[in-house]
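All of the numbers you see were taken from the coordinates with simple rules; none came from a lab. Predicted model only: the values in this text are computed from it and were never measured. Ideal geometry is used to build each Cβ from the backbone, glycine not excepted, and the neighbour counts take in all protein chains shown.
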Amino acid sequence: MKGFSILLVDDEPLMRLSMVDALEAVGYDVHAAASGTEGIDVIGQKTFDLVITDLRLPGADGMTVLQAAKDKASETEVVVITAHGSVETAVGAMKMGAVDYITKPFQMDELLLIVERISQVVVLRRENQDLKAALEDKFCFNGILGSNSRMRAVLDTIKLVAATDSTVLILGESGTGKELVANAVHQNSPRRDRPLIKVSCAALPETLLEAELFGHEKGAFTGALRQRRGRFELAHRGTLFLDEIGELSPVVQVKLLRVLQERTFERVGGNETIEADVRLVCATQKDLRKEVAQGRFRDDLFYRLNVVQVIVPPLRERQEDIMVIADHVLETCTGKLSKKLKGFSPPSRELLLRYSYPGNVRELENMVERAVALGHERDVIQPFDLCGFRSCPYLGGPQQEACGFCNEGLTGGKRRADVPLVSLAAAREQFEKEHILSVLERVEGSRTTASKILGLSRKALWEKCKRYGIPSAHGDNQDEE
Ligand SMILES: Nc1ncnc2c1ncn2[C@@H]1O[C@H](COP(=O)(O)OP(=O)(O)OP(=O)(O)O)[C@@H](O)[C@H]1O
Ligand SMILES: [Mg+2]
């Protein structure tokens with residue numbers, strides 16, 4: 001089999017040659033060594049999928065070769081060849097990590113069979129790793145996790161627009177990941193080796209913001225004791241991220257518009273014209289069109305900024321991402337805090353999936369971090385760790401007035417003002433998901449029964465569960481796909 005590499009270490013020339021011949025005839029990629037020392041040398045230079053070594057060797061013995069192979073790469077498999085009647089040594093080798101042994105004298109077919117079995121396992125393992133890497137790649141781009149189709153589209157836009165110098169306007173509610181998007185645009189652009197400078201337009205009053213953006217000359221205003229370069233200058237040849245652009249005052253809006261039109265500016269209190277070779281990325285939680293319509297944001301500036309628009313959807317409209325992000329945060333936090341939590345219990349998953357996250361990803365992140373840090377269970381996160389109430393409807397108890405989850409997920413009739421402003425399709429999906437969850441709950445997780453009640457085929461239900469990230473319940477194994 002091509003691509004499967006074997007190192008064969010045996011000091012008996014005839015034996016070595018016939019083994020090499022037999023293995024090469026099948027198509028393996030074989031390297032031979034005539035002593036333990038030579039074998040260890042070769043291992044130092046190359047990593048093999050499999051090392052076959054005689055135990056009794058001149059120089060370094062087979063055990064030392066085994067150790068060297070495992071030290072180099074723990075995934076390298078080792079088969080030892082032992083003399084007839086020395087099974088104890090073979091057992092010792094297995095304890096040190098050998099996967100199998102073969103006793104001399106043996107038929108070549110016996111050896112080929114062992115090698116074939118091992119190569120199949122190795123190939124499978126490799127395929128699995130490739131698949132995992134591809135999956136990680138599919139769901140993650142520059143730290144932005146997302147399997148939802150709208151998030152995939154956002155990531156595609158980022159990849160495309162990053163290569164250009166176009167201004168990017170990122171829109172989305174608080175905590176949806178706008179800053180992550182801005183980072184990704186810069187990191188994937190030809191400007192990635194130059195600075196990414198960030199300014200929050202909401203953080204400073206008008207006069208200070210102006211000086212912050214464009215810099216100032218010495219004596220430009222009281223307190224301007226020396227000349228200072230602004231963010232536009234610092235971002236030269238790089239990217240300037242203007243966050244909360246909707247908060248810009250009319251005066252600064254005019255100045256920004258001028259920079260965008262002329263690609264030059266002056267420091268506050270100065271006459272020197274400075275070139276602005278800056279790629280602009282802006283973000284806001286506000287509905288900028290509405291701001292324009294109401295006269296609070298200049299339309300000419302809006303059109304200059306709105307070259308490529310990236311809308312980051314709120315988390316409640318991309319339910320598929322909830323568990324992807326929650327699992328990721330759990331893994332990172334457990335690692336950081338050296339805890340051994342394995343995941344979320346089915347009821348806590350349900351709770352996470354039902355919630356609407358007004359604070360979006362940031363809220364989910366904080367919630368999981370807190371649950372890991374303060375969690376009471378050693379194995380899995382339970383609803384209590386997330387919401388702080390011991391008794392709740394998820395645990396067969398009464399509804400808790402003070403609990404955000406209870407109020408939201410289980411009251412049934414939401415207040416009108418709370419109804420998310422989403423498309424009919426998104427609302428239908430939300431209802432469908434909640435209905436499937438309720439039915440599954442009533443039938444104790446049996447998908448067979450649930451599919452009958454719902455009038456769906458088992459496959460259709462399975463697909464919907466997968467789409468909505470509904471996990472299968474415990475004790476439902478016989479019912480699993
Ligand atoms: N898709 C995602 N995958 C992983 N983490 C995310 C994702 N989206 C957001 N986050 C995380 O959520 C938090 C909030 O993200 P970010 O600061 O980018 O949001 P924002 O939209 O800029 O919020 P705000 O409007 O409040 O400034 C960060 O810790 C970020 O790492
Ligand atoms: Mg932000």
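Can you tell me how region 422-481 classifies by the Cα gyration tensor, rounded, prolate or oblate, using a/c under 1.5 as the rounded cut? Intermediate results must be reported in sequence, preceding the final value.
Details: a/c = 1.94, a/b = 1.92, b/c = 1.01.
Judged from the Cα gyration tensor, region 422-481 comes out prolate (a/c at least 1.5, a/b above b/c).
For the chain, what does -39500 (n - 2.57) per DSSP helix run (n ≥ 4), summed and divided by total residues, give at 222 nm, in deg cm²/dmol to the nearest 500?
It comes out at -14500 deg cm²/dmol, rounded to the nearest 500.
If you take every residue apart from Ile453 with its C-beta less than 13 Å away from the C-beta of Ile453, what net charge results, scoring Lys and Arg +1 and Asp and Glu -1?
On the way: positive: Arg442, Arg447, Lys452, Arg458; negative: Glu441, Glu444.
It works out to a net charge of +2.
Pulled fully out, how much extra length does the chain show between Gln227 and Ser174, if you take 0.36 nm times their separation in residues and subtract their Cα-Cα distance?
Length gained, Gln227 through Ser174: 15.5 nm.
Using Cβ contacts closer than 10 Å as the measure, can you line up Lys290, Lys433, Lys452 from fewest to most?
Ascending Cβ contact count within 10 Å gives the list Lys290, Lys452, Lys433.
About the Cα centre of region 29-107, what is the dipole size in debye to 20, counting +1 per Lys and Arg Cβ and -1 per Asp and Glu Cβ, all else neutral? Please report the intermediate quantities before stating the final value.
Working: 6 positive and 11 negative charges, 33 e Å.
Magnitude of the dipole: close to 160 debye.
Which net charge results for the neighbourhood of Val329, defined as the other residues with beta-carbon distances under 10 angstrom from its beta-carbon, given Lys and Arg at +1 and Asp and Glu at -1?
Neighbourhood net charge equals -4.
Sort region 1-107 into rounded, prolate or oblate with this rule: let a ≥ b ≥ c be the square roots of the eigenvalues of the Cα gyration tensor; rounded if a/c is under 1.5, and if a/c is not under 1.5, prolate when a/b is larger than b/c, oblate otherwise.
Rounded shape, in that the Cα axes give a/c under 1.5.
Could you check the spin-label model distance between Lys459 and Val254? Points 7 Å from the Cα along Cα→Cβ, value in nm.
Roughly 6.7 nm, to one decimal.
Compute the relative contact order of the chain as a whole-number percentage, counting only Cα pairs closer than 8 Å that sit 6 or more residues apart in sequence.
It comes to 10 percent, rounded to a whole number.
Rank the residues Phe141, Phe214 as a footprinting-exposure proxy: fewest other Cβ atoms within 10 Å of their Cβ go first.
Least to most surrounded, the residues fall as Phe141, Phe214.
When Ile470, Ile311 are ordered from fewest to most other Cβ atoms inside 10 Å of their Cβ, what list results?
Final ranking by Cβ density, sparse to dense: Ile311, Ile470.
Rounded, prolate or oblate: which fits the chain, taking a ≥ b ≥ c as square roots of the Cα gyration tensor eigenvalues, rounded meaning a/c under 1.5, else prolate when a/b beats b/c?
oblate
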